[in-house]
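Taking it in order: structure first as structure tokens, then the write-up.
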Amino acid sequence: MIFIMKKKLGEEFKVYRDSILKMILETLKKYKKRLQNIDEKLVDCKDMDKYKLYGELITSNLYKIKNENQSSIVLDNYYNNQKITIPLDCRFSPSVNAKRFFKKYHKLKNTLEIVTVQKQETLKELDYIESIVYELENANTLEDVSQIFEEISENIIFKDKTDTYKFKKKEKIKKSHFTKNKTVSFNPIKYKIGNYSLLIGRNNKENDYLTLKFAKKTDLWFHTKDIHGSHSILQLTNENNDTKKLPDDEILLKCAQITAYYSKARFSSNVPVDFCEVKYVKKPANSKPGMVIYSNNRTLYVDPQI
């Protein structure tokens, strides 16, 4: 009977996880296509200064250019003292061609400003979506998947999909003795390393809570450098707010190894892991769950292991 129940739960977990993963991967594909379109527009913008130059040279030489429709014209480029052949639309006069070149330049200039911002935003969205893919691929329980679904349901990127997606709601938020906020599901993975405790976030929302709400400012924060993974906190303060002595290099290396294990670089080697005091970790305004910036860090290169 127990075996049958476990098998049923395992099948249910796989169905839910794979269904949501499919939805996330569809969104990932959509944003990758958007990035591709943006890059194509940026390639077009590389020629904008050329059109400005064409317009300037024609305008400054109008007094000696025949006022007749032509397919091209050869002028002196006063920027490098070389001849330049400018292609013209033979339907229009040289002066009209110059105006059209300036118009195209300004259009591409405006496009460059717009798509540059769009690219930055799209890259951030892609980074976040890929972090969700990582979470789902490493989820082990129905609760894990349910918490991830709850997170993406709050994000506008997925709203059109999650609003129509029927997923089993969490029946009850599990708590642990760590939890300070009773409205937050917080049950991090815990490792005992010597006399220290290392806490590992299981998803983006838990990472935020662990680092920004639960951890003390003097605790140490670990994360793989430029690689998706969990936030890790090495507690240096006990329940009585007594600060322990700083850990030695052996402890720090072990923390980095465990952090690397709980990242996308789990099966890699020589993985860079950054660490710093929690007080140097900040969350930018309007940033996605799990996304932070930090400073005053050191980097350790380790092979992932637990």
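From D39, D44, which residue is within 36 Å of the chain's Cα centre (by Cα) and modelled with pLDDT under 95? Working first, answer last.
Numbers: D39 fails: modelled with pLDDT under 95.
Among D39, D44, only D44 is within 36 Å of the chain's Cα centre (by Cα) and modelled with pLDDT under 95.
I'd like to know if the stretch 78-89 contains one or more residues that are touching a Cys at 6+ places or on another chain (Cβ under 6 Å) and part of a loop (DSSP other than H, G, I, E, B). Steps first, answer last, please.
Step one: list which residues in the stretch 78-89 are touching a Cys at 6+ places or on another chain (Cβ under 6 Å), which gives none.
Scanning the stretch 78-89 turns up no residue that is touching a Cys at 6+ places or on another chain (Cβ under 6 Å) and part of a loop (DSSP other than H, G, I, E, B).
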inquiry  = Please determine whether any residue of the stretch 26-38 is in contact (Cβ under 8 Å) with a residue 24 or more places away in the chain, in the same structural domain as L126 (by TED's automatic domain parsing), surrounded by 13 or more Cβ atoms within 10 Å (Cβ to Cβ) and more than 30 Å from E151 (Cβ to Cβ).
reply    = no
task = Considering only the stretch 288-306, state which residues are outside any strand (DSSP E or B) and without any contact (Cβ under 8 Å) to a residue 40 or more places away in the chain.
result = S295, N296, N297
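The values are calculated or read from the model by the stated rules, or taken from the named source; none is laboratory data. Keep in mind that what you see is a predicted model, and the values were worked out from it rather than measured. With ideal geometry, Cβ positions are generated from the backbone for all residues, glycine too; neighbour counts draw on all protein chains shown.
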